1. Please list, ordered by chain and number, the residues whose modelled amide H lies under 5 Å from the amide H of Val139; skip anything fewer than 5 residues away on the same chain.
2. Okay, which of region 68-93 sit inside 15 Å, backbone N to the point 7 Å along the Cα-Cβ direction of Leu515?
3. Taking neighbour Cβ counts within 10 Å as the exposure measure, how do Ile164, Ile549 sort from fewest upward?
4. Would you list Glu208, Glu401 from fewest to most Cβ contacts within 10 Å?
5. Per 0.36 nm of contour for each residue apart, how much would the distance between Asp463 and Asn104 grow if the chain were fully extended, relative to their Cα-Cα spacing?
6. On a 0 to 90° scale, report how tilted helix 77-92 is relative to the longest principal axis of the chain, with both axes built from alpha carbons and the result rounded to the nearest 10.
7. Where nothing but the Cβ of Lys and Arg (+1) and of Asp and Glu (-1) is charged, how large is the charge dipole of the chain around its Cα centre, in debye to the nearest 20?
8. Lys207: which aspartates and glutamates have alpha carbons under 20 Å from its alpha carbon, excluding same-chain residues fewer than 8 sequence positions away?
Amino acid sequence: KIKLTINNRQVEAYEGKTILEVARENGIHIPTLCYLKDYTGTGACRVCQVEVEGVRNLCAACVYPVREGMVVKTNSMRALDARRRVVELIVSNHSKDCLSCIRNTNCELQRLCQELGVREDAFQGAKTTPTFDEVSPGVVRNTAKCILCGRCVAACKKHQGLGILGFMERGFKTKVGPVFDRSLNDVNCMQCGQCINVCPVGALQEKEEIHNVIEALNNPAKHVVVQTAPAVRASLGEEFGMPIGTRVTGKMVAALKLLGFDKVYDTNFGADLTIMEEGYEFINRLQNGGVLPMITSCSPGWINYCEKEYPDLLDHLSSCKSPHMMLGAMIKSYYAKQHQLDPKNIYVVSIMPCVAKKGEKERSQMMKDEMKDVDAVLTTRELGKLIKMFGVNFIDLKDEEFDQDMFGEYTGAGVIFGASGGVMEAALRTVVDVLTNQDLDNIEYHSVRGQRGLKEASLQVGDLKVNVAVAHSMTIAKPLLEEIKAGTSKYHFIEIMGCPGGCINGGGQSYVNALIRNSGFDFKGARAKALYDEDRAMPARKSHKNTQIQKLYDEFLEHPNSHIAHELLHTTYDK
Ligand code: HC1
Ligand code: SF4
């Protein structure tokens with residue numbers, strides 16, 4: 001360890017650490033903008049400039065290493081002035097339409113301006129010609145707000161290995177975007193939205209559908225049914241200032257009822273249904289020489305990636321639609337029939353932690369008789385806005401239950417879909433019971449849980465050995481896909497989710513700002529825990545124990561993978 005002084009305070013530190021790290025370890029806050037732990041750290045924005053005795057220029061704390069005897073001043077007049085100047089320059093090339101910006105009140109640039117006392121529009125004049133792209137189904141890019149921090153560039157590369165976003169041009173003309181400033185729709189963007197999640201400003205955002213939903217709610221001819229994805233309950237509370245990882249299932253249901261939805265269902269029911277279809281599909285492939293490994297198909301970001309980057313492997317995908325699409329299809333068929341409603345008058349809204357789901361619902365394979373299975377997809381963030389817009393006091397709501405008539409029951413297996421490894425664990429809970437003809441008590445598969453990279457397990461199921469793997473994000477999945485391509489994969493069943501950590505960290509979840517991310521707080525783990533807690537509290541924890549699912553098969557779907565199930569619940573992919 002070495003000794004140094006920061007702001008007249010003697011501190012100890014390990015050699016090799018940066019001034020920023022050591023300051024934070026000692027409770028000294030240095031403002032940053034482009035710096036995101038584990039993503040960037042290039043000193044590019046220079047907001048973190050500090051004064052180091054004996055060094056002529058100010059130093060960027062996020063890259064400058066500490067030395068024995070160093071004397072650092074983070075708040076000298078010179079540092080404060082330089083920092084404010086840097087932000088004033090950034091702001092001078094920024095659109096500054098804060099009042100109508102999607103990030104109003106949670107923008108990191110706004111916060112910084114406040115923190116540094118930026119009070120005037122110091123530099124006015126020419127601005128870089130902006131690009132506005134809202135062509136892709138889920139992601140909107142507006143460079144008029146971009147501050148060139150590079151956080152999105154790092155996220156796309158680090159998690160998806162795609163490098164869709166990059167810096168182009170130089171100097172004043174510099175922009176961030178796809179190659180040749182193309183639309184995100186014209187490149188291999190998988191629409192995961194991980195770039196949105198790390199953007200400090202409103203340069204990247206989801207394509208909002210909130211007004212379509214308000215219109216449907218106000219249309220007396222429409223019967224509006226809403227469903228909520230497993231992961232939403234683990235993040236929605238953050239929109240109202242609750243701590244990350246607070247589970248708000250009951251409040252969320254109460255809010256949706258107050259907003260005026262005719263029925264409030266849980267996508268967890270759809271997840272249980274998916275396990276029935278996907279579980280039996282897997283057993284069938286296993287026993288009858290089908291294409292293996294079979295890969296899960298519920299993450300539309302992953303499907304986009306597979307179609308674009310690995311079209312040869314599409315036969316490995318399960319043919320199952322994702323849970324919310326399955327539930328949408330059931331609402332427009334069975335539910336419509338039972339309630340004597342014309343499916344054309346039913347409007348299905350899915351609340352999802354996901355941006356890619358916005359595009360998924362538009363796929364031609366997700367329509368029947370020109371009717372979409374799902375009509376609108378709102379992100380967790382959009383639902384937060386809708387609740388505020390309707391004047392609902394979320395924090396004080398009393399817990400309510402999903403509508404129980406038809407699709408309101410769910411099992412613990414359905415809940416854990418929202419965390420990486422959850423789909424695999426849910427599938428195993430059913431597949432192992434079916435294959436061994438038992439009702440096993442030991443149903444927690446800890447080897448596939450958690451936030452680390454690739455997860456795998458090998459299970460003895462009767463006289464079969466089943467190898468499974470779980471990947472979350474494409475950089476983790478890629479080696480598995482290369483193995484399959486080379487014919488050397490040892491796996492029988494693989495779960496792949498588009499986002500790191502799974503849906504709990506989807507591109508539509510609440511923003512986790514750089515302060516929290518840089519503190520090292522495991523926000524993905526906290527949200528995942530909320531789901532595993534709900535699982536443990538459920539009376540039934542295996543999808544095949546869902547009595548409403550059993551009834552649905554008895555009365556309508558006949559049996560898993562039946563002809564009618566194939567027609568409504570399964571899909572095809574685009575080569
Ligand atoms: Fe997911 Fe899924 S778990 S994809 O991560 O299979 O988005 O939460 O709704 O459909 O159930 C997302 C979450 C979600 C589907 C389910
Ligand atoms: Fe990259 Fe995902 Fe953003 Fe597309 S949505 S640019 S794939 S991070």
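Bear in mind that the values in this text are calculations on the coordinates, not laboratory data. As the structure is a prediction and not an experimental result, all values here were calculated from the model. Quick reminder, even Gly has a Cβ in these numbers, built from the backbone with ideal geometry, and neighbours come from all protein chains shown.
1. Lys207
2. none
3. Values: Ile164 21, Ile549 24.
Ranked by crowding around the Cβ, least crowded first: Ile164, Ile549.
4. Fewest to most other Cβ atoms nearby, the residues stand as Glu401, Glu208.
5. Details: separation 359, 0.36 × 359 = 129.24 nm, distance 5.86 nm.
Working it through step by step, the gained length comes to 123.4 nm.
6. Helix 77-92 and the main axis of the chain meet at about 50 degrees.
7. It works out to roughly 2400 debye.
8. Correct list for Lys207: Asp97, Asp133, Glu134, Asp181, Asp186, Glu215, Glu239, Glu360, Glu362, Asp373, Asp375, Glu382.
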